[in-house]
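See structure below.
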Amino acid sequence: MPETADVVIIGGGIIGASVAWSLARRQAGRIVVLEKEKYTGRGSTAYSAGGVREQFSSAINILMSHYSLDVYARFSREMDQDIDYKQAGYMFLASTKATAQALIQSVALQNRLGVDSCIITAAQAREHVRDLFVDDIQAAAYNARDGYVDPASICQGYVQRARDMGVEFRTSTTVTGINVQGDRVTGVITSDGQVGTDTVVNACGPYLREIGEMAGVDVPARPYRRMLFITEEFSLSPNLVPLTIDMTTGFYFRDEGRGLMIGLANAAEPSSFNTTLDWDYLPTILEHALHRIPTVEDAEIGKGWAGLYDITPDHHALLGAFPERPNFYLAGGFSGHGVMHAPAAACVISEIILDGVASTLDVTSLAPTRVREGRLLHEQNVI
Ligand SMILES: Cc1cc2nc3c(=O)[nH]c(=O)nc-3n(C[C@H](O)[C@H](O)[C@H](O)COP(=O)(O)OP(=O)(O)OC[C@H]3O[C@@H](n4cnc5c(N)ncnc54)[C@H](O)[C@@H]3O)c2cc1C
């Protein structure tokens, strides 16, 4: 008899693991997670900055984070796994009239949706980060509940608790094809044989599109390299520094150990699977860092790393199925927000699969069809 499962999840990162846990909790039957690496959580999840924030400009992103941060606040107690959730806050800095106005509008929306963010002055921003250059700052926004977590621990927490409920995580197993009959997927082909199923979840992060092609759907998400560098300890010697984002340039930083983590997306870089750390890009980041925190001049750069974002045209996730492949579900395209949105995404995807519709949050706006139908969302707080 060929092997079968009620649900096959492709990808054992934070999304695949959290979806597996959510489905198992709802007793969705035999669930198998297929992961090509030797261990779970070795994809983008391993390279994340771990930032979690409610400060977005679109209602659905705010609500996804609001739900997820509640889960992370209880995670160690309920999942028996410490996730090192540091509520250091997130701070957005606006140095133009337009960005200041946009910040004020998004904080108003966040407040209406139950988030305790607030607009602060340049002087108050400096209270959060000693040595911050604020002469050009017109407004800043701060939310104390934002902060950062350890994505690897979250992923492992979900994996362990899902295993406890019988989910099978099959590592070193690459999905190479997907069987389709009529409009439905009927199973997956792997490096280690086939698994028949009536439900497939594509949680492959940057490989979402490749796996989609195997099922005959055109997934509107592309991989992009993102790099982070870490300074050695230096005179700023921060204790807890909020994850601070310069909205005009996209430069961001937070504390990491006794130094700072600094990053800036290279907007000119095309989509690729390249994960090489480009030290030639460091001077560009440092230029922005020196402007915002002049004492960075004293800092040595110790290390850095590169990973992949899975980016959609409107920087919002893709959650759900295409009508032409109704039992092939996408949980991806998180555009740099997969760690902070994993609990909400897992919850709603399991509701869509088991109940036909999500009830915890209305995620119809995140349907994958929105891109080809031109119903793009807008999010300004993207880094
Ligand atoms: C530098 C950087 C900083 C980031 N900072 C943040 C942040 O501060 N906050 C935040 O929320 N997010 C952040 N992100 C984004 C976040 O890391 C991702 O959104 C999240 O990890 C996506 O999780 P995932 O499970 O979808 O993908 P992944 O972790 O990539 O998991 C997908 C899995 O699929 C597997 N796979 C792929 N192809 C196959 C196949 N054919 N067969 C079987 N398995 C396969 C991969 O091996 C991988 O393990 C950052 C990302 C990077 C790169």
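Compute the length gained on full extension between Asn111 and Glu269: take 0.36 nm times their separation in residues and subtract their Cα-Cα distance, giving the result in nm to one decimal.
Values: separation 158, 0.36 × 158 = 56.88 nm, distance 3.52 nm.
Difference between extended and current length: 53.4 nm.
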I'd like the accessible area for His341: 1.4 Å probe, protein heavy atoms, all chains in place, Å² to the nearest 10.
0
Among Ile31, Ile137, Ile211, which one shows the biggest mean-square fluctuation in a GNM of the chain, springs joining Cα atoms closer than 10 Å?
Ile137
Percent accessible area from carbon and sulfur atoms, the chain, protein chains only, probe 1.4 Å
48
Sequence-separation-based contact order of region 1-110, relative, with Cα cut under 8 Å and 6+ spacing, percent:
22
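Can you compute the FRET efficiency between Trp279 and Glu37 using 1/(1 + (r/R0)^6), with r the Cβ-Cβ distance and R0 = 25 Å? Round to the nearest 0.05.
0.45
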Could you provide, to the nearest whole Å², the per residue accessible area of the chain with probe 1.4 Å?
40
GNM top mover of Phe328, Phe169, Phe75 - the chain, alpha-carbon springs below 10 Å
Phe75
How far is helix 338-355 tilted off the main Cα axis of the chain, in degrees rounded to 10, range 0 to 90?
30
To the nearest 20 debye, what charge dipole does the chain have about its Cα centre, counting +1 at the Cβ of each Lys and Arg and -1 at the Cβ of each Asp and Glu?
600
Which one, Thr174, Ala345, Thr197, is farthest towards the positive end of the dipole of the chain when Lys and Arg carry +1 and Asp and Glu -1 on their Cβ?
Thr197
Taking just the C-alpha trace of the chain, give me its Rg and Dmax in Å.
20.7, 71
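Heavy atoms only, 1.4 Å probe, whole protein assembly: order Asp314, Asp183 by accessible area, highest first.
Asp183, Asp314
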What value, in deg cm²/dmol to 500, does the helix sum -39500 (n - 2.57) over DSSP H runs of n ≥ 4 give at 222 nm once divided by the residues of the chain?
-9000 deg cm²/dmol
Sorted by accessible area (1.4 Å probe), largest first, how do Asp116, Asp136, Asp310 line up?
Asp116, Asp136, Asp310
Using amide H atoms built 1.01 Å from N in the peptide plane, name the residues 5+ places from Met91, or on other chains, whose amide H lies under 5 Å from its own.
Leu243, Thr244, Ile245
Report the relative contact order of region 234-365, percent, no decimals, based on alpha-carbon pairs under 8 angstrom and at least 6 residues apart.
15
The simple spin-label model distance between Arg77 and Thr96, using points 7 Å out along Cα→Cβ, in nm, is 4.4
Expressed as a whole-number percentage, the relative contact order of the chain with C-alpha contacts under 8 angstrom and at least six residues apart is 23
For labels at Leu376 and Asp183 in the simple 7 Å Cα→Cβ model, what's the distance in nm?
2.7
Evaluate the Kirkwood expression for the hydrodynamic radius of region 1-110, namely the inverse of the mean inverse distance over all pairs of different C-alpha atoms, and round to one decimal in Å.
17.0
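Expected output is a single nm value to one decimal: the length gained when fully extending between Asp135 and Thr369, i.e. 0.36 nm times separation in residues minus the C-alpha distance. What is it?
Here the segment from Asp135 to Thr369 would lengthen by 79.8 nm.
The values are calculated or read from the model by the stated rules, or taken from the named source; none is laboratory data. Note that the structure is a prediction, hence the values are computed from the model and not measured. Glycine also receives a Cβ, built like all others from the backbone with ideal geometry; neighbour counts cover every protein chain displayed. Quick note on the areas: whole protein, heavy atoms, side chains included, nothing else; ligands and nucleic acids left out. Shrake-Rupley method; radii C 1.70, N 1.55, O 1.52, S 1.80 Å.
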